[in-house]
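Before we start, here is the structure in question, set down as structure tokens.
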Amino acid sequence: MLNNGKFVDLKDYGFLQTDFLAFEALLNNRDPKNFIPGRIIESRRERYKVICEYGEVPAEIKGSFFNNLKEGDLFPVTGDFVVLKHNSQGASLIDAVLPRRSRFSRVDFLGHSEGYAKNVREQVSAANFDYVFILSSLNNDFNISRMARYLTAAMQSGGFPVFVLTKTDLVEDFNVQAAEARKLAREVPVICVSSKTGFGIEELSPFLEPAKTVIFLGSSGVGKSSLLNRLAGEEIMEVKFIREDDSKGRHTTTFRQLFRLESGALVIDTPGMREIGLWDSKEGISLAFAEVEELFSQCRFSDCSHQTEPGCAVLAALEDGRLSPEQWKNYKAQSRENAFVMNHSAYLKQKQEFHKSIARNNKIRQKRTEIY
Ligand code: GDP
Ligand code: ZN
């Protein structure tokens, strides 16, 4: 037991003074005896596991939550701090979600037909992390455009990105790949590691501070689970990685989860972090490609399309090697994708509004016919 008769100090789980103030604000004059702060450490559909002063407790969302839901973004996800109505007998109730300091979102395409998605929506899969580890393996799977996409997502999320290049033991020399990664963004650290030999693992420690939260991004097979196990020490043994019995020996985490490493750092690993489809990433693109967008202001024409125009700073930079064709291609691809997702989303919203207004009018009309 800790001080004040508490079992768990939520500060160890990243709960800051500012979060406490936000918590108090959300209580809104209700009896503080009934409500406590907590952090979601696991979510599966609408069932949650929350860490709070009483330890880990099962929780559900209170019914009225659904009624008040406007945008999907306040639906609780792993990493969220919440107002919890504690129930020692059964499931506690999640009453409200505290404002997020960071969040990882991707686009979710719904209802495919004839190769086209009928709907797009934002899917938030983790919240309130400090660092974003972008994992990429150094061997044949090394893919710089994929890393550029993860970088944009990381920049958009509000976390601090770190490139982690894995499996150093499988390559003779990793300087070329490391240099390529460094070129993506000057201020982003690049750390090369091997979970097998332990090479470079120590260099991650500045980012694995007590009560700081890290998310791991990377496609399947990059070595996320191996690195997690390497970093975890004893505690992770409780973390159940369900091994899928395919010959590749890959494992997937079936629930979203947040857990503590030996160092006291917190890690979030959810299935959503293996896929990447950028959601509203305009800001992230601007941050990840700051050097590219800087060039735009130097073009002679303000509406330059950077294709054939005289005095185009992009073409000049491509010519003299300040901008790599790869980087330019990545920038264009991501911008195009973002425009598509956002237009699609705006279009669908409009359509939904239209249908709502029709429904409203029909109701009014119906009422009128009932009266007359
Ligand atoms: P995940 O899908 O990202 O969780 O990747 P895993 O951790 O399951 O690793 C995928 C494969 O790569 C497994 O066969 C691992 O044994 C292997 N692997 C992971 N890290 C390393 C490493 O540092 N060196 C080598 N040689 N293999 C690794
Ligand atoms: Zn131009």
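If I filter segment 13-22 for residues that are part of a strand (DSSP E or B), of a type in the set (A, V, I, L, M) and farther than 19 Å from residue 266 by Cα, do I get at least one hit? Give the steps one after another, and end with the answer.
Let us first name the residues in segment 13-22 that are part of a strand (DSSP E or B), namely none.
For segment 13-22, residues part of a strand (DSSP E or B), of a type in the set (A, V, I, L, M) and farther than 19 Å from residue 266 by Cα: absent.
Further, regarding this structure: Can you go through 339, 359, 333 and tell me which one is at pLDDT below 65, away from ligand 2 (no atom under 14 Å from the Cβ) and surrounded by fewer than 17 Cβ atoms within 10 Å (Cβ to Cβ)?
359
With the requirement that a residue be without any contact (Cβ under 8 Å) to a residue 40 or more places away in the chain, touching a Ser or Thr at 6+ places or on another chain (Cβ under 8 Å) and open to solvent by less than 10 Å² (accessible area, probe 1.4 Å), what does segment 169-200 give you?
193, 194
Given segment 211-303, what helices (runs of 4 or more DSSP H) lie entirely inside it while holding 1 or more residues that are at pLDDT below 90 and either away from ligand 1 (no atom under 14 Å from the Cβ) or within 13 Å of the chain's Cα centre (by Cα) (or both)?
Details: elements: 224-232, 282-288, 290-296.
In segment 211-303, 282-288, 290-296 are the helices (runs of 4 or more DSSP H) which contain 1 or more residues that are at pLDDT below 90 and either away from ligand 1 (no atom under 14 Å from the Cβ) or within 13 Å of the chain's Cα centre (by Cα) (or both).
The values are calculated or read from the model by the stated rules, or taken from the named source; none is laboratory data. Everything quoted here is computed from the prediction, not taken from an experiment. Backbone-built Cβ (ideal geometry, glycine too); neighbour counts: all protein chains shown. Quick note on the areas: whole protein, heavy atoms, side chains included, nothing else; ligands and nucleic acids left out. Shrake-Rupley method; radii C 1.70, N 1.55, O 1.52, S 1.80 Å.
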